[in-house]
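Enquirer: The structure follows.
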Amino acid sequence: MPGFYLKAAWRNAARTPLHSTLNLLGLSLGLAAFIMAMLLTWDELHYNSFFTNHADLYLARMGSENFGERAVTTPEPMSLAPQLALDFPGVDGATRSTGGLFDVIRGDTFLAEVPALTADANFLEVVGVPLKRGDQHSALLAPDSVAISEALAMTLFGTLDCLGKTITLNEQNPVAVKITAVFTNMPRDGLSRAPRMILSGNGENSAIRRIDRLNPANTLPPNYVDSYLLIRSPDVRARIEAGLDDFGHRHFQYFVDSMKAYFILMPLDSWRLQGKKYGDQDSHPLIRFLAVNAVGFLVLAVATLNYVNLATAMAARRGVEAGVRKAIGASRRQLILQFLAESVALSFVATVLAAALVELALPMFNTLWYSDLTFDYVHQPILLLLLAGLALVFGLLAGAYPAFVLSSGKPAEALRAGRLGQGGGRLRQTLVLLQYAVSIGMIIAAGVIERQYDYAANDIDGIDDRLVYSVQPPLRDNSLPGIVASDFSARMADLAAAIPEVTEVTGLTRDPDGRTYRQPSGVGTGNALIRGVPVGALFFDILGVRPLAGRLFDRDHTDADSIVLNLTASRALGFASPEAAIGQDVVGTLENGDKTPHRFTVIGVTPDFLVETLYGVMPPLVYEITPPASYSEILIKMSGRDVPGTVAAIRKAFTDLVGHRDFHGAFLDYYLNRRYEDMLHDAETIGGFSLLAVFVAALGLFSLAEFVAERRTKEIGIRKAMGASTPQIAALLSRDLLWPAIAANLIAWPLAYLGLTWWLRGFAYHIDMPLWLLPAASLLVLLVAGLTVLLHVIRVARAKPATALRYE
Amino acid sequence: MLQLSVISKLYRTSEIETGALRDVSLSVREGEFVAVMGPSGCGKSTLLNILGLLDSPSSGSYRLFGEEVSNLSEAALTQLRRQSVGFVFQSFNLIDDLSVADNVEVALIYRGVPVRERRKRVAEALEQVGMAHRARHRPGQLSGGQQQRVAIARALVARPKLILADEPTGNLDTGNGAAVMGMLLDAVAGGTAVVMVTHSEGHAAMAARTLRMLDGRLIGETRVAA
């Protein structure tokens, strides 16, 4: 019996190959989009499940309160994790890691630049890093031991069996380390930026040891370190959380005093989505997660509407068949079964196709989105089950309406050709209307996000970054001896200045040690941690920044006691206006080393130009003058003549200086734009998905138009016989097919407007809702819809009425 | 009123060429009632479609009200059809989604008749065929005979000079058939020419003359003494 149903399904599909193909294609695309959304969701929810202990892992973090707003800063005191484990019995493990880039060399040959962690010896065990070779407990005990990733093992040795072999790190002062473990490749988007090496922190010169030695009193500046605690017992966790304030006063009074520090435990599993709750500005805002995932579901919604629509249209045509079947003895149950079997069968085929589409698209998607999505149903058979469930539910839902309606009619009524009544038509038009509404809404959303991105990337940074080339020193790791960074910056700046088409050279120090600034009188927030940004004398000149008040650094004003504030900093320090700040003294305390407050004089105030996260607020910044030796980034302004030659000359200067190392250079707008990558990805994801939605909707409309035209062939013939002209008929058909596209705006516009203004409000700096996008999106959709139905409309409207009337 | 001379209509399919009409010549005067008889597939309906400007001949000349129509554009044909031709079909050909009154009104809408007058004329036409009480019904709720009355009302409402009826009684019982013939005769009496295809000798006998067709040709003509 099921075979019989499937045979009938196949024959029906084969009878109208074009419809069946389009229907299948639309459905597959929708399902593919849905599967992609599922994978994205899965990935977001399981980004850290790579670590076997993830469910019981906590990040211990320190935050500070600035202007009444709590924010977690990346650096924590190095001793935070060990101290917590000492203070609170019952903690199952405490470990730390810090990141860096290392060059792997063999003999004189540079092999690879490898992202790495330096970690406490118990790191593998506490965090739960799955190993292919070696032992979690003992691997990192020896000071010269290193665990490497599968991929690195294969690159260096072509085999995973490389335990006991030695590799050499860094060029100037080579250090030999012994491989003691091989770990499973970490996901690219995991917590620790997918290190390919984990070095033992037991080495005397390891980053962790050096800071531990230097920092017995916990007053050294925070350092970039991740502090993990493994806590299996909820009671212990509760006890720690209750005792964190006391803990802070006991051990970190200095930070509590100087920057209103507070301490939290952040569960690893919820960090990504709920980080904001804890004040972590770097975590993915929930809003992004929702937006990107919602669009996937919306494409599926469009495809679903499509499918139901076409199925009912086809079913309407099959009213006669249903009548005949009933007349020859089919029961209602059998008819329902038949129609349901057909739609479920089609939905299964579509799901298989969708899975194939996802497989095909995934590598491209991962490359474009820097994501690490996998669609591995061999190792995750639950995926197969989910897919089968999806196909079944989908098929049943889509088939339900046609099945029950068709089977319910009396045979005699069903035998009257093509009469499903007005109700079916209304339903179809409503479905089409919903499709249009979703398409229009998605296009508006993509447009708004794209424009907000443009604005963020090009307008609000407020600087002229054209023709400014940025070069970074080759070594960014400070944990091993042999640093050339200080030499490099000064010499690179000299070399660059000598290049003919280079007009000016300056630089800045990103991520410097913090300095606390306040007004001598104590006015202002006082204890706020305002970042000092050391910049070269020509920094403002090169970026085209003009002062709001006072003057900025230039060739003649390089006094080390002068500072320049951005607008936010001038407010934070309590100055009534930019002008009021000029000539005033501000006290700054260098936190690294000498604690004596030092007086600086404000010489100028700049507008805020954006150098920080989009979702947060503009940070207060204090610009200090610094010599080229401490640049961490060299900014080279070009004349604009022979740009490729100039870049080549810069590269040559770099190579002359440090040999063949990875060159980190790019135009500044590239670096600045990288900050907005997340947002760009959102815009592209939503844009891509919305095009897909429009395409799927167009596919459906194309089929539907043909059905409608076909169903109304006779009516058109009659109207023509009654004197209707071809344009009148074309207008009639177009109106019926296109009015849902116009009515859809009633739903799409208010929802898009409300949703997107809400979204925009999440940004500190945002565009106004571009209202022209509403009609523009509608027009686009109407145009696509019009072109889609045009073919059918012309064909049917022009047909000789005699032909149409012969149609029965 | 209309003259066909040496009209042929060929249907081409990929393999064969079928002659639906071969060298048909005929003329119809104003107010004349002409019946066309012949076996299935002899070309009666094709002849009617060409007369009604629903289809164009492959060759030959067709003059309607003295105007040669074989060269007219689609738009001009539509215009001419609006002015002068009404149709009655064997299968009624009412639009299922429209009410009885709306179906009749369609014929006037395309002729640009103002709303107020349309209502009046629709009501009159429905009264004339005895269907006024069914004006709000859908065609699907009516019997065959009732549907054909509506179709005739639709043909009459535009006051055409020519009514083309393709087996108007073919799907009807005797009583309804007779009623429909009565309405057509009333129209003729009012000065409208009627060309009617029929299988019924009895109904044909009501016409002034009967054309007989076979294999796309006119093979004979019977005149009934007035």
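The values are calculated or read from the model by the stated rules, or taken from the named source; none is laboratory data. Predicted, not measured: the structure shown is a model, and the values here were computed from it. Neighbour counts are summed over all protein chains in view; Cβ atoms, including those assigned to glycine, are modelled from backbone coordinates with ideal geometry. Areas reflect the complete protein model, heavy atoms only, side chains present, ligands, DNA and RNA absent. Shrake-Rupley method; radii C 1.70, N 1.55, O 1.52, S 1.80 Å.
Enquirer: Work out the length of the dipole vector of segment A:694-775 about its Cα centre, built from +1 on the beta-carbon of each Lys and Arg and -1 on the beta-carbon of each Asp and Glu, and round it to the nearest 20 debye. Could the numbers behind the result be given before it?
Expert: On the way: 7 positive and 5 negative charges, 54 e Å.
Taking the Cα centre of segment A:694-775 as origin, the dipole is about 260 debye.
Enquirer: Taking the highest mean first, how do the peptides A:494-504, A:381-391 order by number of other beta carbon atoms within 10 angstrom per residue?
Expert: Values: A:494-504: 16.5, A:381-391: 14.5.
By packing density, highest mean first, the sequence is A:494-504, A:381-391.
Enquirer: So, one more: Can you quote the Å³ per residue value for the convex hull of the Cα atoms in segment A:759-799, rounded to an integer?
Expert: Working: hull volume 2.6 nm³, N = 41.
Hull volume over Cα atoms, normalised by residue count, gives 62 Å³.
Enquirer: Next up: Net charge within 13 Å of residue B:36 by Cβ-Cβ distance, Lys/Arg positive one each and Asp/Glu negative one each, not counting residue B:36 itself? Show your work: numbers first, answer last.
Expert: Working: positive: B:44, B:209, B:212, B:217; negative: B:32, B:166, B:167, B:201, B:221.
Summing Lys and Arg as +1 and Asp and Glu as -1 gives -1.
Enquirer: I need the semi-axes of the equivalent ellipsoid of chain B: take the C-alpha gyration tensor, multiply each eigenvalue by 5, square-root it, list largest first in whole angstrom. Don't skip to the answer; put the middle values down first.
Expert: Numbers: eigenvalues 161, 82, 57 Å².
Semi-axes, largest first: 28, 20, 17 Å.
Enquirer: Let me ask another. Mind checking B:86-95 for the average number of partner chain beta-carbons within 10 Å of each residue's beta-carbon? Let's see the in-between values first.
Expert: Working: counts 3, 5, 0, 4, 0, 3, 1, 8, 2, 7.
Taking all residues of B:86-95 together, the mean is 3.
Enquirer: Name the shape class, rounded, prolate or oblate, that the alpha-carbon gyration tensor gives for segment A:704-807, where a ≥ b ≥ c are the square roots of its eigenvalues, rounded holds for a/c under 1.5, and otherwise prolate holds if a/b is larger than b/c and oblate otherwise.
Expert: Details: a/c = 4.27, a/b = 4.03, b/c = 1.06.
Here segment A:704-807 falls in the prolate category.
Enquirer: Summing Lys, Arg as +1 and Asp, Glu as -1, what charge do residues with Cβ under 12 Å from the Cβ of residue B:83 carry, residue B:83 excluded? Write out the running numbers ahead of the final one.
Expert: On the way: positive: B:81, B:82, B:111, B:159, B:161; negative: B:67.
Net of charged neighbours comes to +4.
Enquirer: Starting from the amide H of residue A:538, placed 1.01 Å from N in the peptide plane, find each other amide H under 5 Å away whose residue is 5 or more places distant or on another chain.
Expert: Correct list: A:507.
Enquirer: Within segment A:100-185, what whole-number % of the accessible surface is contributed by carbon and sulfur, with the 1.4 Å probe and all protein chains included in the calculation? All intermediate terms of the calculation are to be shown ahead of the outcome.
Expert: On the way: 1740 of 3450 Å².
Ligands and nucleic acids excluded, carbon and sulfur reach 51 percent.
Enquirer: Residue A:270 to residue A:131: FRET efficiency via 1/(1 + (r/R0)^6), r the Cβ-Cβ distance, R0 35 Å, to the nearest 0.05?
Expert: Working: r = 27 Å, r/R0 = 0.76.
It comes out at approximately 0.85.
Enquirer: Also, quick follow-up: Beta carbons within 10 angstrom, averaged per residue: use that to sort the peptides B:86-98, B:111-123, B:155-167, highest first.
Expert: On the way: B:86-98: 21.2, B:111-123: 14.4, B:155-167: 24.1.
Going from most to least packed, we get B:155-167, B:86-98, B:111-123.
Enquirer: Along segment A:354-366, what does the Karplus equation 6.51 cos²θ - 1.76 cosθ + 1.60 (θ = phi - 60°) give for ³J(HN,Hα), rounded to whole Hz, x for Gly and Pro?
Expert: Working through the residues one at a time gives 4, 4, 5, 4, 4, 4, 5, 7, 4, x, 5, 4, 5 Hz.
Enquirer: Something else: Report, for segment B:156-226, the % of DSSP beta bridges that are antiparallel, rounded to 5. Please list the in-between numbers first.
Expert: Working: 6 of 11 bridges.
Antiparallel: roughly 55 percent of the beta bridges in segment B:156-226.
Enquirer: Using the Cα atoms as the points, what is the convex hull volume per residue of segment B:116-221 in Å³?
Expert: Details: hull volume 12.3 nm³, N = 106.
Cα convex hull per residue, to the nearest whole number: 116 Å³.
Enquirer: Show me you know the interface measure: the accessible area buried between A and B, both chains summed, probe 1.4 Å, in Å² to the nearest 100. Show your work: numbers first, answer last.
Expert: Values: alone 35600 and 10810 Å², together 44280 Å².
In total, chains A and B hide about 2100 Å² from solvent.
Enquirer: Hey, can you grab everything whose amide H is under 5 Å from the amide H of residue A:132? Only 5+ residues off in sequence or another chain; H modelled, so Pro and N-termini drop out.
Expert: The answer is A:182, A:183, A:184.
Enquirer: Keeping all protein chains in place, calculate the accessible area per residue for segment B:16-147 (probe 1.4 angstrom), answer in Å².
Expert: Working: 5600 Å² over 132 residues.
It amounts to 42 Å² per residue over segment B:16-147.
Enquirer: Charges at C-beta only: +1 for Lys and Arg, -1 for Asp and Glu. How large is the resulting dipole of segment B:1-136 about its Cα centre, in Debye rounded to 20? Numbers along the way, then the final one.
Expert: On the way: 16 positive and 16 negative charges, 77 e Å.
In debye, rounded to 20, segment B:1-136 gives about 360.
Enquirer: While we're here: Would you tell me the mean number of C-beta atoms belonging to other protein chains that fall within 10 Å of each C-beta in A:722-734, as a whole number? Spell out each step's value before the answer.
Expert: Working: counts 20, 18, 7, 8, 3, 2, 3, 1, 0, 0, 0, 0, 0.
Counting other chains' Cβ atoms within 10 Å and averaging over A:722-734 gives 5.
Enquirer: Now for a separate question. Show me A:244-255, A:716-727, A:86-97, B:39-50 ranked by packing, highest mean number of other Cβ atoms within 10 Å first.
Expert: On the way: A:244-255: 15.5, A:716-727: 22.7, A:86-97: 18.7, B:39-50: 20.8.
Descending packing order for the listed peptides: A:716-727, B:39-50, A:86-97, A:244-255.
Enquirer: For residue B:209, enumerate residues with amide H under 5 Å from its amide H, sequence gap 5+ or separate chain, H modeled in the peptide plane.
Expert: The answer is B:33, B:35, B:224.
Enquirer: Something else now. Taking a 21 Å limit on the Cα-Cα distance, which of the listed pairs A:800/B:9; A:7/A:714; B:9/B:161; A:720/B:120; A:714/B:120 fall beyond it? Mind dumping the intermediate values first?
Expert: Values: A:800/B:9 14 Å; A:7/A:714 31 Å; B:9/B:161 25 Å; A:720/B:120 23 Å; A:714/B:120 27 Å.
In this structure, A:7/A:714; B:9/B:161; A:720/B:120; A:714/B:120 lie more than 21 Å apart at Cα.
Enquirer: Let me ask something else. Got a sec to turn the phi values of segment B:136-149 into Karplus ³J(HN,Hα) couplings, 6.51 cos²θ - 1.76 cosθ + 1.60 with θ = phi - 60°, whole Hz, x for Gly and Pro?
Expert: 8, 6, 8, x, x, 8, 10, 6, x, x, 5, 4, 5, 4
Enquirer: I'd like the antiparallel share, as a percent to the nearest 5, of DSSP beta bridges with both residues in chain B.
Expert: Values: 21 of 38 bridges.
So the antiparallel bridges in chain B amount to around 55 percent.
Enquirer: Further question: To the nearest 10 degrees, how steeply does helix B:174-189 sit against the main Cα axis of chain B, on a 0 to 90 scale?
Expert: Helix B:174-189 sits at roughly 80 degrees to that axis.
Enquirer: Please work out the Cα center distance from segment B:134-167 to segment B:18-94, rounded to the nearest Å.
Expert: 20 Å
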